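**Student:** My structure is below; once you've seen it, I'll send some questions.
The values are calculated or read from the model by the stated rules, or taken from the named source; none is laboratory data. Small disclaimer: the values here were computed from a predicted structure and weren't measured. Virtual Cβ from ideal backbone geometry, glycine too; neighbours counted across all protein chains shown.
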Amino acid sequence: MKDFQSAITDAVKNALKDTEGDNIGALQTTLIEQLSNELNEQVTLNNLKSKLAVLFEYEKNYLELVKEYKEEIKFASTIQEDLRKERAKFFSDTLQEVSNTLSEAQIDNEVASRWLKELVGSYTKSLDLSSGLIEEHTLDMIGKIRSEAKSNKASVDVSNITKKGE
């Protein structure tokens, strides 16, 4: 970068060498500054283009991975939704039905209350266990997608990307 800038500086100085007038030094300085600023902007723009191209390729690969695992993602989402619905149905309908059945069977209130409490505890533990298994499966799948994305990130070739972007 420094060699390139000094080459341009030398070229401008040589071009202005034969120019007449007292203001040559100021003209040279202004011209050198303008060229230097223009080059810096160009280099910065090229770096930005290169970084954006790498980011684009990474995101494109990530999108491809999400497409590849689309069915697994849908499956995990559906299972989680079903579990939430089952939990809501248990507390809104099933528990009320069991309570009514115990009342109709004229079970002692204390016994019915204890039995309902145990039922709720047991069912809640079962749902929590299912939820934990679903969460573990989902996290494993996300980890797999991330590790594949990282391995794809390492294979992105910046030189090929910049050639495409030019």
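**Student:** Going through Ser130, Ser147, Ser122 one at a time, which residue ends up being in a helix (DSSP H, G or I), surrounded by 15 or more Cβ atoms within 10 Å (Cβ to Cβ), on the phi < 0 side of the Ramachandran plot and not aliphatic (A, V, I, L, M)?
**Tutor:** Going through Ser130, Ser147, Ser122 in turn, the sole match is Ser130.
**Student:** Picking from Glu81, Glu110, which residue would you name as being within 30 Å of Arg146 (Cβ to Cβ) and acidic (Asp, Glu)? So that I can check it myself, show each step before the final result.
**Tutor:** Values: Glu110 fails: within 30 Å of Arg146 (Cβ to Cβ).
From the options Glu81, Glu110, the qualifying one is Glu81.
**Student:** Here's something else I'd like to know. So, Leu52, is that one among the hydrophobic types (A, V, I, L, M, F, W, C), within 30 Å of Ser151 (Cβ to Cβ) and in contact with a Gly (Cβ under 9 Å, 6 or more places away or on another chain) or not?
**Tutor:** It is true that Leu52 is among the hydrophobic types (A, V, I, L, M, F, W, C), within 30 Å of Ser151 (Cβ to Cβ) and in contact with a Gly (Cβ under 9 Å, 6 or more places away or on another chain).
**Student:** Within the range 100-146, can you find the residues that are over 19 Å from Ala76 (Cα atoms) and small (Gly, Ala, Ser)?
**Tutor:** The answer is Ser103, Ala105, Ala112, Ser113, Gly121, Ser122.
**Student:** Here is a follow-up. Please tell me if Ser113 is farther than 30 Å from Glu59 by Cβ, loosely packed, with under 10 Cβ neighbours inside 10 Å, of a type in the set (Ser, Thr, Tyr) and without any contact (Cβ under 8 Å) to a residue 24 or more places away in the chain. Walk me through how you get there before you give the answer.
**Tutor:** Numbers: farther than 30 Å from Glu59 by Cβ: yes; loosely packed, with under 10 Cβ neighbours inside 10 Å: no; of a type in the set (Ser, Thr, Tyr): yes; without any contact (Cβ under 8 Å) to a residue 24 or more places away in the chain: yes.
Criteria not met by Ser113.
**Student:** Take the residues in the range 59-80 that are touching a residue at least 60 places away in the same chain (Cβ under 8 Å) and among the aliphatic types (A, V, I, L, M), then tell me which one is surrounded by the fewest Cβ atoms within 10 Å (Cβ to Cβ).
**Tutor:** Val66
**Student:** Given (1) over 23 Å from Ile145 (Cβ atoms); (2) at pLDDT 70 or above; (3) of a type in the set (D, E, K, R), where does Asp22 come up short, assuming only one miss?
**Tutor:** (2)
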